[in-house]
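**Q** What follows is a structure written as structure tokens; I'll ask about it next.
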Amino acid sequence: MAKWTVRAIQVGSIDLDRSAMTHYKGKGERITVPIWCAGATDGVHKVIVDTGIRDLEEYKKAEPGVSQTPAQITTAAIKRIMGWDPEEVEIVINTHLHCDHSGSNKEFKNAKFFVQKKEWEAAFNPLVPEAPFYDKLCYDKSAVNYFQWNFLEGDTEILPGLRVITTPGHTRGHQSAMFDTKDGVVCVSGDICNVAENVNGNLEPNIVVMVPETYESFQRIRQFAHYILPGHEPAIEDGSEKFIPVL
Ligand SMILES: [Zn+2]
């Protein structure tokens, strides 16, 4: 069985109230959190999970606290951490299509994209509260050729040692990527867990469209994963292969 190496890639920061990620806990406490992508390889394949933001000024309309250094622009960050040019990337997994996770999809012209069919449909028909986080220019035909997409219906093995599992809650078609590494299974969770405290403390993030499913998704992650790279966890270093243990 192929063993994967997974690295955290920081593609921006968001200054926010801590309770935005941990329901009502930590209200009034300002913190700065990273926006994470992940780069992964089994020694043969080049895989990216999530692609960061599209346009800083545009994203500020949904999330005023966002910032990005030139070195954090997605393509520059991937080159810095993984050494890859965008046209070398073969597989892009979108955990979900919010604009801080799919924003640079358009850069990966040779990649196959993997998203849940439900998420794709939801992104073109958002509920009122989630509309500010879906930006069609991140995933419509101007960004990704239709024939690059693979629309998934449930848990799927992408390659030996790489699976996606459905983790709905934060969005209707959310999925998480699971990598078999030498240290155990690493879950790149997207925003079903903004931070590790969500799964380890059984505490939902603020942006949730399906509450019971969120807690079921935490349970699935606990069942399968040894380590987690959450979408916005501050206790992980840029470029690191060390993630947070799942309790
Ligand atoms: Zn999100």
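The values are calculated or read from the model by the stated rules, or taken from the named source; none is laboratory data. This one's a predicted model, so the numbers in the text were calculated from it and none came from an experiment. Virtual Cβ from ideal backbone geometry, glycine too; neighbours counted across all protein chains shown. Surface accessibility is based on the protein's heavy atoms, side chains included, excluding ligands, DNA and RNA. Shrake-Rupley method; radii C 1.70, N 1.55, O 1.52, S 1.80 Å.
**Q** For residue 23 and residue 3, what is the calculated FRET efficiency with R₀ set at 41 Å and r taken between the beta-carbons, to the nearest 0.05?
**A** On the way: r = 36 Å, r/R0 = 0.88.
E(calc), rounded to 0.05, equals 0.70.
**Q** Report, in debye and to the nearest 20, how large the dipole of the chain comes out about its Cα centre when Lys and Arg carry +1 and Asp and Glu carry -1 on their Cβ. Let's see the in-between values first.
**A** Details: 25 positive and 34 negative charges, 22 e Å.
For the chain, the charge dipole is close to 100 debye.
**Q** Shifting gears a bit: How high is the relative contact order of segment 5-245, given as a whole-number percent (alpha carbon pairs under 8 Å, six or more residues apart)?
**A** Values: 562 pairs, mean separation 49.3, N = 241.
Averaging sequence separation for qualifying contacts and normalising by length gives 20 percent for segment 5-245.
**Q** On the accessible surface of the chain, probed at 1.4 Å, how many percent belong to carbon and sulfur atoms?
**A** Details: 5550 of 10460 Å².
Of all accessible area on the chain, carbon and sulfur atoms account for 53 percent.
**Q** Treating cross-link reach as a plain straight distance, find the aspartates and glutamates whose alpha-carbon is under 18 Å from the alpha-carbon of residue 182, omitting any fewer than eight places away in the same chain.
**A** By straight Cα distance, residue 182 reaches 42, 241.
**Q** Same structure again: Using 0.36 nm per residue, how much length does the chain from residue 61 to residue 153 gain when fully extended, once their Cα-Cα distance is taken away? Intermediate results must be reported in sequence, preceding the final value.
**A** Values: separation 92, 0.36 × 92 = 33.12 nm, distance 3.20 nm.
Full extension of this stretch gives 29.9 nm more.
**Q** Count neighbours as other Cβ atoms within 10 Å of each site's Cβ, and list the GluC sites (Glu not before Pro) in segment 127-185 that are DSSP loop with at most 12 such neighbours.
**A** Values: sites: 130, 153, 157; in loops: 153.
Sparse-neighbourhood loop GluC sites (Glu not before Pro): 153.
**Q** Please report, in debye to the nearest 20, how large the charge dipole of segment 145-247 is about its Cα centre when each Lys and Arg carries +1 at its beta carbon and each Asp and Glu carries -1 there. Intermediate results must be reported in sequence, preceding the final value.
**A** On the way: 6 positive and 14 negative charges, 29 e Å.
Charge dipole of segment 145-247: 140 debye, to the nearest 20.
**Q** Which of the listed residues, 212, 188, 40, is farthest toward the dipole's positive end in the chain, when Lys, Arg count +1 and Asp, Glu count -1 at the beta-carbon?
**A** The residue sitting most towards the positive pole is 40.
**Q** Let me ask something additional. Identify the chymotrypsin sites (Phe, Trp or Tyr not before Pro) of segment 85-129 meeting these criteria: DSSP loop state and at most 14 other C-beta atoms within 10 Å of the C-beta. Present the calculation step by step, with values, prior to reporting the outcome.
**A** Values: sites: 108, 113, 114, 120, 124; in loops: 108, 124.
Answer by residue number: 124.
**Q** Using Cα centres only, tell me the gap between segment 168-245 and segment 137-161 in whole Å.
**A** Taking the Cα centre of each part, segment 168-245 and segment 137-161 sit 20 Å apart.
**Q** Are there any chymotrypsin sites (Phe, Trp or Tyr not before Pro) in segment 1-97 that are in a DSSP loop and have at most 11 other Cβ atoms within 10 Å? List them by number.
**A** When the chymotrypsin sites (Phe, Trp or Tyr not before Pro) of segment 1-97 are filtered for loop state and at most 11 Cβ neighbours within 10 Å, 24 remain.
**Q** A further question follows. Label segment 112-162 by shape, choosing from rounded, prolate and oblate, from the square roots a ≥ b ≥ c of the eigenvalues of the Cα gyration tensor; if a/c is under 1.5 it is rounded, and otherwise prolate applies when a/b is larger than b/c, oblate when it is not.
**A** Values: a/c = 2.69, a/b = 1.57, b/c = 1.72.
Oblate shape, in that a/c is at least 1.5 and b/c is the bigger or equal ratio.
**Q** List the pairs from 60/106; 25/46; 79/112; 25/61 whose alpha-carbon separation is above 28 Å, in the order I gave them. The partial results should precede the final answer.
**A** Details: 60/106 20 Å; 25/46 38 Å; 79/112 19 Å; 25/61 25 Å.
Flagged as over cut-off: 25/46.
**Q** Let me ask something else. With loop defined by DSSP as not H, G, I, E or B, and exposure as at most 15 other Cβ atoms within 10 Å, which is the longest segment of the chain clear of exposed trypsin sites (Lys or Arg not before Pro)? Walk me through the numbers before you get to the answer.
**A** On the way: sites that count: 3, 25, 27, 109, 141, 182, 242.
In short, 28-108.
**Q** Further question on the same structure: Under the rule a/c < 1.5 gives rounded, and otherwise a/b versus b/c splits prolate from oblate, where does segment 155-247 land using the Cα gyration tensor? Kindly include the intermediate steps, with their values, before the conclusion.
**A** Details: a/c = 1.77, a/b = 1.21, b/c = 1.47.
Cα axes put segment 155-247 in the oblate bin.
**Q** Shape call for segment 46-162 from the C-alpha gyration tensor, a ≥ b ≥ c root eigenvalues: rounded (a/c under 1.5), prolate (a/b greater than b/c) or oblate?
**A** Working: a/c = 1.85, a/b = 1.05, b/c = 1.75.
Since a/c reaches 1.5 but b/c is at least a/b, the shape of segment 46-162 is classed as oblate.
**Q** Moving on. Say a paramagnetic label sat at a point 7 Å from the Cα of residue 71, along Cα to Cβ; which residues of segment 229-245 have their backbone N under 15 Å from it?
**A** 237-240
**Q** To continue, here is another question. Give a residue-ordered list of calculated ³J(HN,Hα) values for segment 32-46 (Karplus: 6.51 cos²θ - 1.76 cosθ + 1.60, θ = phi - 60°; whole Hz; x for Gly, Pro).
**A** 10, 10, x, 9, 9, 10, 9, x, 9, 9, 9, x, 10, 8, 10
**Q** Still on this structure, I have one more. Treating only the Cβ of Lys, Arg, Asp and Glu as charged (+1, +1, -1, -1), what charge dipole size does segment 54-132 show about its Cα centre? Round to the nearest 20 debye. Walk me through the numbers on the way to the answer.
**A** Values: 10 positive and 13 negative charges, 12 e Å.
Dipole about the Cα centre, nearest 20: 60 debye.
**Q** What is the ratio of the Cα radius of gyration of the chain to 2.2 N^0.38 Å, with N the residue count, to two decimals?
**A** Working: Rg = 16.1 Å, N = 247, 2.2 N^0.38 = 17.9 Å.
This ratio for the chain stands at 0.90.
**Q** Choose one answer from 44, 33, 199: the residue with the largest mean-square fluctuation in a GNM of the chain with alpha-carbon springs under 10 Å.
**A** Maximum fluctuation in the GNM of the chain, among the listed residues, is at 44.
**Q** List, in order, the whole-Hz ³J(HN,Hα) value for each residue of segment 152-166 obtained from phi through the Karplus relation with A = 6.51, B = -1.76, C = 1.60 and θ = phi - 60°; use x for Gly and Pro.
**A** Using θ = phi - 60°, the values come out as 9, 10, x, 4, 9, 7, 8, 8, x, x, 9, 10, 10, 10, 6 Hz.
**Q** Whole-Hz Karplus ³J(HN,Hα) for segment 199-216, in order, using 6.51 cos²θ - 1.76 cosθ + 1.60 and θ = phi - 60°, x for Gly and Pro?
**A** 6, 6, x, 6, 9, 6, x, 6, 8, 9, 9, 9, 6, x, 5, 4, 5, 5
**Q** Among 2, 103, 113, pick out the residue whose Cα is farthest towards the positive end of the charge dipole of segment 1-135, where Lys and Arg carry +1 and Asp and Glu carry -1 on C-beta, about the Cα centre.
**A** The Cα lying farthest towards the positive end belongs to 2.
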